[in-house]
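Everything below concerns the one structure shown next.
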Amino acid sequence: MLDELKNLKYLGGKEGLLFFIRDVIGGNQVKIQDAQIICNHTPGKNNLSVSDLVCYCSMFGWIQIFGDTLLLSPNISKFLRDGEKLNETLIISTVKKLFEINVFNANMFSYDSVKNCYVFKNELLPLSFSCVRNLLISQGLLIPLRGINSTQLFINCSYDIFIAKYCKERRKKINFEELKKQLESNEKAGEKAELFVVEYEKKRLGFSLGKKVKRISEIDVTAGYDIVSFDTNLSQEPDRFIEVKAISNKGFFWSRNEIEIAKLKGNNYYLYLIDLNKINQTCYSPQIIKNPVVNIMESEEWFAETQSYFIKRL
């Protein structure tokens, strides 16, 4: 579909498009060859490319093609008697599809506070789609305002709400996909770090106690720590509660729940900071912080930044 849109040449603007839909096809079944003959013998319309118009209209679902015969889709044919309503329907259908196939995206639109209207960032639209842009200008969606050095394209205010709807929907979808990828990446990194710590603890404690080390995060993600281990070989029961963090130069996130559990566990709570880039090194040992509420939150060596606030009226 994208390649077909890129290859379009001349659609005749709003007049040519409406002429093709209303007068060439109308409520009838028309052969493609006959459609070209009609255009060739209509004053002012002989330059229309029927093949391009057929391609364009079919991509947006406005016409149906049966062999070499064209027929208007029912959702378009019902507006044939009202040219402006038909044009509005075509604009809305076009914008919807362009968002769906990612020719349009939310970053292409911004608000101009001086002119109190939305701007279409034409520079973000690939040049190969200029035919589509030019048609939307002639249809009245995009309004050119020529300045000394450049031309800006503004959105017809009649379509503000509609554009906003699709910007919001696409942004939500993109944010969800990015969040999903980030969560999947974090989960893989976390699992890798935790498995490293399990093996590290087994080696530290030896076979007898090492085999009792448990990675509880596989079952309980609300415990406030990932691994239960033993402080020394003399420990009779688990007394080292380990929260594992795969770290980067940006630091790491420590949840409110984890902090509260760390307060309760005190000297039995440990943070193991794991650099995943070094875990394959033979002599690598993680950075281990005992009682991190004291040794991080109350230390001048660490900076704890609050990311957000929950606000309510008192």
Residue that is in contact with a helix residue (DSSP H, G or I) (Cβ under 9 Å, 6 or more places away or on another chain) and over 16 Å from LYS203 (Cβ atoms), where the choices are TYR272, TYR225: TYR225
Selection from the stretch 123-136 of residues that are in contact (Cβ under 8 Å) with a residue 24 or more places away in the chain and either of a type in the set (Asp, Glu) or open to solvent by less than 50 Å² (accessible area, probe 1.4 Å) (or both): SER128, PHE129, CYS131, VAL132, LEU135, LEU136
Filter pass, ILE143 being at pLDDT 90 or above, within 30 Å of ASN116 (Cβ to Cβ) and surrounded by fewer than 16 Cβ atoms within 10 Å (Cβ to Cβ): yes
Filtered residue count, the stretch 56-100, keeping only those that are under 20 Å from LYS9 (Cβ atoms) and open to solvent by 30 Å² or more (accessible area, probe 1.4 Å): 3
Residue satisfying all of: in the stretch 111-148; hydrophobic (A, V, I, L, M, F, W, C) and assigned to a helix (DSSP H, G or I); farthest from GLY13 (Cα to Cα) among these: LEU124
The stretch 224-263, subset exposed (fewer than 13 other Cβ atoms within 10 Å of the Cβ) and among the acidic types (Asp, Glu), residue nearest to VAL293 (Cα to Cα): GLU260
Among the residues listed as THR94, THR42, THR89, THR69, the single one being among the β-branched types (Val, Ile, Thr) and modelled with pLDDT under 90: THR42
Only one of LEU53, LEU71, LEU11 that is in contact with a helix residue (DSSP H, G or I) (Cβ under 6 Å, 6 or more places away or on another chain) and either among the hydroxyl-bearing types (Ser, Thr, Tyr) or outside any helix (DSSP H, G or I) (or both): LEU11
Residue within the stretch 274-285 that is in contact (Cβ under 8 Å) with a residue 40 or more places away in the chain, in a loop (DSSP other than H, G, I, E, B) and crowded, with 17+ Cβ neighbours inside 10 Å present: yes
Residues satisfying the stated conditions in the stretch 188-205, i.e. modelled with pLDDT of 90 or more and either closer than 22 Å to ASN291 by Cβ or open to solvent by less than 60 Å² (accessible area, probe 1.4 Å) (or both): ALA193, GLU194, PHE196, VAL197, VAL198, TYR200, GLU201, ARG204, LEU205
Residue within the stretch 217-236 that is over 15 Å from ASN268 (Cα atoms), charged (D, E, K, R) and either without any contact (Cβ under 8 Å) to a residue 12 or more places away in the chain or not in a helix (DSSP H, G or I) (or both) present: yes
Residue ID - most open to solvent (accessible area, probe 1.4 Å), chosen from residues in the stretch 18-31 that are in contact with a Leu (Cβ under 6 Å, 6 or more places away or on another chain) and not basic (Lys, Arg): GLN29
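The values are calculated or read from the model by the stated rules, or taken from the named source; none is laboratory data. Treat the numbers as computed from the prediction; the structure is a model and nothing was measured. Note that each Cβ is placed from the backbone with ideal geometry, even for glycine, and that neighbours are counted across all protein chains shown. What goes into the accessible areas is simple: the full protein's heavy atoms, side chains included, and nothing from ligands, DNA or RNA. Shrake-Rupley method; radii C 1.70, N 1.55, O 1.52, S 1.80 Å.
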